[in-house]
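The values are calculated or read from the model by the stated rules, or taken from the named source; none is laboratory data. Source: prediction; values computed, not measured. We place every Cβ from the backbone using ideal geometry, glycine too, and count neighbours over all the protein chains shown. What goes into the accessible areas is simple: the full protein's heavy atoms, side chains included, and nothing from ligands, DNA or RNA. Shrake-Rupley method; radii C 1.70, N 1.55, O 1.52, S 1.80 Å.
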Amino acid sequence: MATWSYDELLEKNRRFLWNPFTQMKGYLEDEPLIIERGEGVKLYDVRGRAYYDGNASVWLNVHGHGHPKLNAAIREQLDQVAHSTLLGMSNVPALLLAEKLVQLTPERLQKVFYSDSGAEAVEIGLKMAYQYWKLRGRPEKQVFISMKNAYHGDTVGAVSVGGMDTFHTTFSGMLFPTLKVSYPYPYRFDGSPEACRQACLDELAEVLAEHGDKVAGLIVEPMVQGAGGMIMMPPGTLAEIEKLCRAHEVLLLIDEVATGFGRTGRLFACEHEAVQPDIMMVGKKLTGGYLPVAATLTSDEVYDAFYGEHHEGKTFYHGHSYTGNQLGCAVALANLALYEEERVLEHVAKASRHLAEWLEPMKALPHVGEVRQLGLMVGIELVKDKVTKEPHPWEEAIGARVCRRARELGLITRPLDHVVTFMPPLATPLADLQAMVGILEQAIREGTA
Ligand SMILES: *Cc1c(COP(=O)(O)O)cnc(C)c1O
């Protein structure tokens, strides 16, 4: 392949490419990063500069870039076939992966429906829940409960159950209405974490008491609201949400797209509270961060409601061109095998203990309001005033400033408004992890000065 200079590539970016979640003006004016290759936990740009992948390429990467076993799994599958459809027929890796996912996920989940992204997995879960109640003879159950400040992806249904004003307000006219309840945010609650949890549960109980008979399902990010700012539930919240859903015959839809596959220290975040979803979405780390495969898992109770003769009209009419893609499923299988071979969860447990220790000094920095961590999922909330918790004005883009400084120092990560995230690849060696935290601390000190 011909090699291109940075300037030539930048010109192509300017002329031809519209980047996602990106204000192109600021981006193009600020020396865009153009990645050429990756190796382990580092990415290298076309000018040969190395960067730690401090957000696992937006929360995906597990074992590092260019892992020989993952590369080999893709090559081997490629020699068989790259893709054939899953509409009305099957393929080998999709079947093996479905079996593996059912074994790994909570007991109640027994069937796997594939798609290509977390947002699609969410759409599918919502549509399943909606049709499920029609099939069960309860068509009045068609509203969803979702959380304020939630993020479930960027397609129209996923945005409807989302709650982040910055991303969502523009599209309000296109969205279907949902019943929104509060997600506990202890740092910004006037009272103890327990009181915060109780206030949220009371609010949910009230909504369910009034509207429960019209509610198809409740969708929630388990333990941590990711894109909403790494906001973490006080213990006991999720288990109580499950109880309330059961009491009101509301399907529990758990979005494990960010938290799943070990990010929070357990294989799935709902395991922290032994919660059994009716529908669960996974994506992101499913393929180790290599190819776009996501899945919606359901209970047999949900699946069985759709099962019948053609003329009964119970079919779930949903699918995508690349659903069950062989290359993606093959690398997902190899990824999950590596979790076992390389004892990734044990490494996450150890790495998170060290990480907690290394993050500790950051709490003393003048503009750090709160450091939140669960497993290897970290959010550092910056504030203008530590005492009053007053945030920096939005226009200051304080998080972006800090992340820009981190990039100069050799670490890539993205802010969520005024929250700086740190989501290293799960298998990051301890020495690299410590080096990354060092850069992050320096970036926060200098970027907020
Ligand atoms: C990233 C994310 C999604 C969307 O996944 P995409 O693959 O980007 O569509 C959905 N839910 C949560 C919790 C996420 O973090």
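Annotation: Ala449 fulfils all but one of (1) modelled with pLDDT under 95; (2) buried (at least 21 other Cβ atoms within 10 Å of the Cβ); (3) not charged (D, E, K, R); the unmet one is (2).
The rows are residues; the columns are (1) closer than 22 Å to Val344 by Cβ; (2) modelled with pLDDT of 95 or more; (3) hydrophobic (A, V, I, L, M, F, W, C); (4) open to solvent by 10 Å² or more (accessible area, probe 1.4 Å).
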| residue | (1), (2), (3), (4) |
| --- | --- |
| Arg407 | no, yes, no, yes |
| Pro429 | yes, yes, no, yes |
| Asp432 | yes, yes, no, yes |
| Val437 | yes, yes, yes, no |
| Glu441 | no, yes, no, yes |
| Ile444 | no, yes, yes, no |
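Taking (1) open to solvent by 50 Å² or more (accessible area, probe 1.4 Å); (2) away from the ligand (no atom under 16 Å from the Cβ) in turn, Pro106 satisfies each apart from (1). In the condition set (1) in contact with a strand residue (DSSP E or B) (Cβ under 9 Å, 6 or more places away or on another chain); (2) open to solvent by 20 Å² or more (accessible area, probe 1.4 Å); (3) within 16 Å of the ligand (Cβ to nearest atom), Leu291 is compliant with all but (1).
The residue list Leu355, Leu374, Leu416, Leu336 contains one member that is under 28 Å from Ala150 (Cβ atoms), assigned by TED's automatic domain parsing to the domain that holds Leu286 and open to solvent by less than 60 Å² (accessible area, probe 1.4 Å), which is Leu336.
For the stretch 160-182, taking the residues that are touching an Asp or Glu at 6+ places or on another chain (Cβ under 8 Å) and modelled with pLDDT of 90 or more, the one that is nearest to Tyr130 (Cα to Cα) is identified as Val181. Can you find even one residue in the stretch 132-144 that is crowded, with 18+ Cβ neighbours inside 10 Å and within 16 Å of the ligand (Cβ to nearest atom)? For the stretch 132-144, residues crowded, with 18+ Cβ neighbours inside 10 Å and within 16 Å of the ligand (Cβ to nearest atom): present. Among all positions in the stretch 205-215, there is no residue which is buried (at least 22 other Cβ atoms within 10 Å of the Cβ) and within 12 Å of the ligand (Cβ to nearest atom).
Residues checked against (1) at pLDDT below 95; (2) part of a loop (DSSP other than H, G, I, E, B); (3) in contact with a Leu (Cβ under 6 Å, 6 or more places away or on another chain):
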{"position": "Val112", "(1), (2), (3)": "no, no, yes"}
{"position": "Ala121", "(1), (2), (3)": "no, no, no"}
{"position": "Gln131", "(1), (2), (3)": "no, no, no"}
{"position": "Lys134", "(1), (2), (3)": "no, no, no"}
{"position": "Pro139", "(1), (2), (3)": "no, yes, no"}
{"position": "Ser146", "(1), (2), (3)": "no, no, no"}
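You will find that of Val348, Val275, the residue that is farther than 25 Å from Asp116 by Cβ, under 20 Å from the mean Cα position of the chain (by Cα), surrounded by 19 or more Cβ atoms within 10 Å (Cβ to Cβ) and more than 16 Å from the ligand (Cβ to nearest atom) is Val348 and no other. Screening His392 with (1) in contact with a helix residue (DSSP H, G or I) (Cβ under 8 Å, 6 or more places away or on another chain); (2) open to solvent by 50 Å² or more (accessible area, probe 1.4 Å) gives one miss only, at (2). Beta carbons closer than 7 Å, at least 6 apart along the sequence or on distinct chains, never pair a first residue in the stretch 319-347 that is part of a helix (DSSP H, G or I) with a second that is modelled with pLDDT under 95 and open to solvent by 20 Å² or more (accessible area, probe 1.4 Å).
Once the stretch 178-192 is narrowed to residues that are under 21 Å from Glu390 (Cβ atoms) and more than 22 Å from the chain's Cα centre (by Cα), the residue that is surrounded by the fewest Cβ atoms within 10 Å (Cβ to Cβ) is Asp190. Helices (runs of 4 or more DSSP H) fully within the stretch 1-84 that include at least 1 residues being closer than 26 Å to Gly328 by Cβ and without any contact (Cβ under 8 Å) to a residue 60 or more places away in the chain: 68-80. Take the conditions more than 26 Å from Glu346 (Cβ to Cβ) and either in contact (Cβ under 8 Å) with a residue 60 or more places away in the chain or in a helix (DSSP H, G or I) (or both) and apply them to Val402. Does it pass? Judged against the criteria, Val402 is a match.
Within the stretch 44-98, take every residue that is away from the ligand (no atom under 16 Å from the Cβ) and among the hydroxyl-bearing types (Ser, Thr, Tyr) and give me the one that is surrounded by the most Cβ atoms within 10 Å (Cβ to Cβ).
Tyr52
Figure legend. Inter-residue proximity from the stretch 252-263: first residues open to solvent by 10 Å² or more (accessible area, probe 1.4 Å) and within 8 Å of the ligand (Cβ to nearest atom), second residues at pLDDT 95 or above and of a type in the set (Phe, Trp, Tyr), beta-carbon distance below 8 Å, spacing 6+ or different chains. Indicated pairs: Ala258/Trp59.
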